[in-house]
Amino acid sequence: MRPIGQVCAGTMRIEKPDSPSQAWLQGGGEMGQRIRSYDWSQTPLGEPGCWPQSLKTLTGLMLASAQPMWVGWGPSLIWLSNDAFIPILGSKHPHALGRPALAEVWSEAKEVLTPMFDRVLSGDPIHMQDFALQLDRNGRLEEAHFAFSYTPARDESGTVAGIFCACIETTAQVAMQRQQAAAQERQRRMFEQAPSFMCIMEGPQHVFEFVNNAHRKLFNSGGWLGKPAREAFPDLTGQGYFEQLDEVYKSGKRFIATSAPVRYRLSPERPQEERIMDFIYEPIVDDAGNITGIFCEGFDVTAQRQAEKALREGDRRKDEFIATLAHELRNPLAPIKNGLQIARLSSKGDATLQRTVAMMDRQLSHLVRLVDDLLDVGRISSGKIDLRRNRVRLSEVLATSIEASQTLIDAHKHELVVDSDDEELPVEGDFDRLSQVFSNLLSNAAKYTDNGGRITVEIRRHADEAVVQVRDTGIGIPRAELSQVFDLFSQVRMHQARAEGGLGIGLALVRKLVELHGGRVSVASDGLGAGSTFCVHLPLAVGAAQAAVWGPSETFLDTETSKRRVLVVDDNADAANSLAMLLDMQGHEVFVAHDGLGALDKFTEARPDIVFLDLGMPEMDGVETLTRMRALPEGQATKIVALTGWGQEADRDRTRTAGFDQHIVKPLTLETLLAVLRSGN
């Protein structure tokens, strides 16, 4: 039979379970259902209808709340909780309902909770923001964190009869905070141990909040924390860095310094020193977009910059040495070249002497080329190869290159075949440098081809490029070494027993010069004994078909040379006298001087048409001598040529600025000499 009411101990009170007076027990989700269906008669609390009104009120409040809550009532703190507390109970749910809170529900935390519960039961509430417990969840102890309040729960008489708890589990938040703290600690250690110096400055006064090991070591900044930058690092005053910090903090724009000099003392008793720094000031911005500080990171690059200044001073000295070496080598080559040309003119009819002179001239030309290559290696390394660009005909460039290489080709009895379309192929480039490209390729082919071989030069137009192939029937290149042939000082074919030597510069120079002209060069070979093919691609000049095209004028002049009055000035007596002899054999009237003062006297006396003037003379050098000659009445109309062993671009610029009409590098060839004489006034 269904009961119609409940009888409570001590008084007779009849309530229907669904009466308005039991509305406090309605709802509450799963836990509300469980509380309503639970046999409370087996607990010290008895049936819910007999509970004190204060317990009913707390239970109703708990069931209606979305916040995790629980109530412990009576001496054993019988457990009640709401749906929001289910995740906190874990495996204890649903068995915790109606059980003693300390003895059973949280028995694993009894030692921690007992004093707290006793305190609350004595009437003293407890509030905790982060409370850690080892709780039995899913069969094992787990660390859990809570923010909660324990409030004494009083019955109608005012006596503390239980505990009411409202809480939030913060385990996930704590775990996240720990992860963030661990990440920050890792970052701090990383910053601390970083090879770069780092610091963090906060606020508009740039107060130091952090400096790492590298910073402390470099600036002795261990005592800077908590100090404004101007107080901590007064040595920076007047160097502009404080002002830059202010600007970064104000504008929010980072500042990057490269090779910045920083002057400071490591300690008051030590002298000031200058260090070179690369560093950055990076503004620190909060979530609201406000600038809160500045992060600084950088490196002390003093040693590197000093080394670079030295990897530069060394280059300068090397360039000077190479230029001086080339000059010193060219000076003795000049009289030898002059002597050979005199011997050639004097030996007509003597076949043996003619062959001997030709052989000596070939070897001298090879030596001159080595000197030129030696000078060019410095230009390759420092990137100082300059081009004098004009519109030039490729056919004329190749003609000059073949002429320069013909002696070597003939010496090996090679057959030279030129296969070209009739079409002119104009390119924008430096005539002399392009001639150097192809003469190097032709000389290379001649040296590495057995006597009686064939060298083929093929010129074609392909789209908007001129393509020149230099193909030989020579010793070839191992395929594994093809990629190395254009490297500086590479001599991949020098292991051949009959190789003719060289500095390993020529092909590296070829590639550099072709690339400077916007082109490319490649090599192909099927291996040893299969010959080689070098292919040069150069961009064609745009709209150049009707344009004026120029090569070196001295190469193509063919007018008769009239007799000239010529003054030769050189402190090297052999060079001056041999050139004078050569000019005399050509029928010119020649005057010789060996220093600047003597040259001025001869100049006034002889009134020459042309002067060949050396630069590197003692007491009065060639430039000063030229200046004094130009100051004389007859000096403006005279052609004055710098004839020197100095051949770098800086030397040419110097003579051009000084007022020389031409700059010729020793040794002087007969062809160049005739060209100068023909172009005189």
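A compact table of results
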| quantity | calculated |
| --- | --- |
| Relative frequency of Cα-Cα separations exceeding 13 Å in region 204-262, percent | 66 percent |
| Carbon + sulfur, % of accessible area of the chain - ligands and nucleic acids excluded, 1.4 Å | 52 percent |
| Pairwise centroid distance, computed over Cα atoms, of region 605-658 with region 36-90, Å | 115 Å |
| Probe 1.4 Å, all protein chains present, accessible-area order of L579, L225, largest first | L225, L579 |
| Förster radius 56 Å - calculated FRET efficiency between Q177 and Q26, Cβ distance, rounded to 0.05 | 0.90 |
| Rounded to the nearest 10 Å², the accessible area of V207 at probe 1.4 Å | 30 Å² |
| Dipole of the chain [Lys/Arg +1, Asp/Glu -1 at C-beta], most positive-end residue of G518, F208, Q173 | Q173 |
| Listed residues I280, I610 arranged by accessible area, highest first, probe 1.4 Å | I280, I610 |
| Percent of Cα-Cα distances greater than 20 Å, calculated over region 220-333 | 59 percent |
| Vicinal HN-Hα couplings computed from phi for region 624-629 (Karplus, 6.51 cos²θ - 1.76 cosθ + 1.60; Hz; Gly/Pro x) | 5, 4, 4, 4, 6, 5 |
| Over 26 Å (Cα to Cα) - which of K56/K92; K512/K639; K217/K318; K253/K309; K227/K250 fall in this group | K512/K639; K217/K318; K253/K309 |
| Built amide H within the under 5 Å cut-off of S420, gap 5+ | I459 |
| Cross-link reach list, lysines versus K348, counting only Cα pairs under 22 Å and skipping chain neighbours closer than eight places | K337 |
| Farthest positive-ward along the chain dipole, Cα basis, beta-carbon charges - from I402, L25, L615 | L25 |
| Accessible surface of D526 - all protein chains present, 1.4 Å probe, nearest 10 Å² | 120 Å² |
| Accessible surface of S54 - all protein chains present, 1.4 Å probe, nearest 10 Å² | 20 Å² |
| Most to least accessible of D464, D487 (protein chains only, probe 1.4 Å) | D464, D487 |
| Geometric extent, Cα atoms of region 328-373 - Rg, Dmax (angstrom) | 11.4, 36 |
| Length-normalised contact order of region 392-460 in % [C-alpha pairs under 8 Å, at least 6 apart] | 51 percent |
| Dipole in debye (nearest 20) - region 100-212, about Cα centre, beta carbon charges: Lys, Arg +1; Asp, Glu -1 | 360 debye |
| Relative contact order for region 136-209, counting Cα pairs under 8 Å that sit 6 or more residues apart, in percent | 20 percent |
| Simple spin-label estimate for E209 and H462 in nanometres, 7 Å along Cα-Cβ | 6.3 nm |
| Cα centroid of region 169-241 to Cα centroid of region 408-443, whole Å | 67 Å |
| Residues of the chain: accessible area per residue with a 1.4 Å probe, Å² | 50 Å² |
| Charge sum, other residues only, whose C-beta stays under 12 Å from I256's C-beta, Lys/Arg counted +1 and Asp/Glu -1 | -1 |
| Against the rule of thumb 2.2 N^0.38 Å, how large the Cα Rg of the chain comes out | 1.89 |
| 222 nm mean residue ellipticity, helices alone, for the chain (DSSP H n ≥ 4; -39,500 (n - 2.57); rounded to 500) | -12000 deg cm²/dmol |
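The values are calculated or read from the model by the stated rules, or taken from the named source; none is laboratory data. Please read these numbers as outputs of a predicted model, since none were measured by experiment. All Cβ positions, glycine included, derive from the backbone under ideal geometry; neighbour counts span all protein chains shown. Each accessible area value is taken on the protein alone, full model and side chains, heavy atoms only, with ligands, DNA and RNA left out. Shrake-Rupley method; radii C 1.70, N 1.55, O 1.52, S 1.80 Å.
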